[in-house]
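**Q** Please find one structure pasted underneath; my questions will follow.
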Amino acid sequence: MWVDPLDGTKEFTQERFEFVSVLVGVTLRGRPVAGVIAEPYYRYYFPGPDGAAPAASPAGDPSRVLWGCALPGVGAHVLGAPGWQTGRGGAGRGVVITSRSRTAGRTLEALERLQVRGVATAALQAGGAGHKMARVIDGAADVWLMPMAGTSKWDTCAGEAVLAAAGGAVADAAGGALRYDPNGSMLNSEGVVAACSQRLLDAALDACRHHPAP
C-alpha cells in the first residue's frame, strides 16, 4: 500500500487548497490494482457540469472522493455519486495539464510538439500529482505531462490505479511501466505521462522523445 496523506504539500502551505489531495494506492506484484483520491476542498473550487458555482453536498461536505479498482466490472467512481461517469466533458479534446513549477525544459518542448501536431489544443498548469491525475480521470484534462523526475511512487500509485480502472493509461517518459517495489527506488526518476486513452498516451510519449516535429 502506498499512502500520501498530504499530496500538494507546497500548495497547502501557499493556501492553494484546490490542489491538495489524500492518496491511497494498493499494488499487487508491483503494479497498482486499486486506488482512492480524496479531494477535501473540491466543491469550494470547481463548478458543476452546468457551469454553476460550486456548492457543498447536501450534508455540507465540500470533499470529493474518486476511487477505482482493476477488477473486471468495477471501474472508476465518485463516492456517493452513482450516476457519475469518468471523462465526462469530452475526453480527447486535447487538454494537456502540466506542473505549475516544472513546465520549462523537456516538458515545454514536448508540449510544443503536441501543439504543432494538433494533439494538444489547450494547456493547464496545476499543483499536486493527485490533482493532475484526477483531472485526467474526470475529463477536465486529457494528458498529464511530466517527462522528468519530480514525483514519487506514493504520488502516482493511487491515481494510476483509478485512471487504469477508468480506461486510461500511465507510463514513464521512456514508455516503461511504473514499478511499485517497496525495496526499490521511491522516485519516478524517468518521469510520468498519463492519458485518458492509450492512443493519447502513445502520442504524448512520442512527443517526449527528441525528434523534431513535422
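The values are calculated or read from the model by the stated rules, or taken from the named source; none is laboratory data. Being a predicted model, the structure only gives us computed values, none of them experimental. Note: ideal-geometry Cβ built from the backbone for every residue, glycine included; neighbour counts use all protein chains shown.
**Q** Which ones in segment 143-165 are surrounded by 23 or more Cβ atoms within 10 Å (Cβ to Cβ), of a type in the set (A, V, I, L, M) and out of contact with any Lys or Arg (no Cβ under 8 Å at 6 or more places or on another chain)?
**A** Result: Val143, Leu145, Ala158, Ala161, Val162, Leu163, Ala165.
**Q** Check every one of the strands (runs of 3 or more DSSP E) wholly within segment 109-214 and list those with 2 or more residues that are β-branched (Val, Ile, Thr) and modelled with pLDDT of 90 or more.
**A** 192-195
**Q** Scan segment 1-21 for residues that are in contact (Cβ under 8 Å) with a residue 40 or more places away in the chain and either part of a helix (DSSP H, G or I) or more than 19 Å from Thr86 (Cβ to Cβ) (or both) and report the count.
**A** Within segment 1-21, residues that are in contact (Cβ under 8 Å) with a residue 40 or more places away in the chain and either part of a helix (DSSP H, G or I) or more than 19 Å from Thr86 (Cβ to Cβ) (or both) number 11.
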